[in-house]
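Remarks on the structure that follows.
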């Protein structure tokens, strides 16, 4: 039996909580679409994010990749190790900082991104097809507003 909450925290607070739950559910739905697609190509989501950043932004140090992929230092270390093992990236010592490494996508890494990314972008576009161009722009602007203030 489904229980309906009779407790209210105020109209605006209740709506804010429902909105955050809805955002989480939508995010999870889209995440699953991405993860399932990437799994077909033997990539984890985190591996894909690192390859994508290196492909589109060029060579970067680990700190920049960690920030751009919204990862943690511990997690990114494992992802990088696995990408190196699989021959998708290489690293060299940063000439400006002996403690840091610069990561570079290899030809093999470029090939997988070039193979996977076009359909990935179509999958994301398809997730948003329910929205008109104007609605998509409005959604983006609203989410950006929330992102920048919190």
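Brief remarks follow.
- Any hit, the range 91-102, residues being within 29 Å of residue 126 (Cβ to Cβ) and either in a strand (DSSP E or B) or modelled with pLDDT of 95 or more (or both): no
- A Cβ distance below 8 Å, combined with a sequence gap of six or more or placement on separate chains, defines the contacts here; from the range 131-150, residues that are without any contact (Cβ under 8 Å) to a residue 40 or more places away in the chain and on the phi < 0 side of the Ramachandran plot reach residues that are surrounded by 11 or more Cβ atoms within 10 Å (Cβ to Cβ) and not in a helix (DSSP H, G or I) in the pairs 136/128; 139/131.
- Any hit, the range 20-32, residues being part of a helix (DSSP H, G or I), touching a helix residue (DSSP H, G or I) at 6+ places or on another chain (Cβ under 6 Å) and modelled with pLDDT of 95 or more: yes
- Unmet criterion (only one of (1) within 30 Å of residue 128 (Cα to Cα); (2) over 17 Å from the mean Cα position of the chain (by Cα); (3) touching a residue at least 12 places away in the same chain (Cβ under 8 Å)) for residue 111: (3)
- Residue 70, sole failed condition from (1) at pLDDT 95 or above; (2) under 12 Å from the mean Cα position of the chain (by Cα); (3) more than 21 Å from residue 110 (Cα to Cα): (1)
- Remark: pairs (first residue in the range 73-95, in contact (Cβ under 8 Å) with a residue 40 or more places away in the chain; second residue surrounded by fewer than 16 Cβ atoms within 10 Å (Cβ to Cβ); Cβ separation under 7 Å; 6+ apart in sequence or on different chains) = 88/108.
The values are calculated or read from the model by the stated rules, or taken from the named source; none is laboratory data. Values in this document were obtained by computation on a predicted structure and should not be read as measured data. Neighbour counts run over all protein chains shown; Cβ positions are idealised from the backbone, glycine included.
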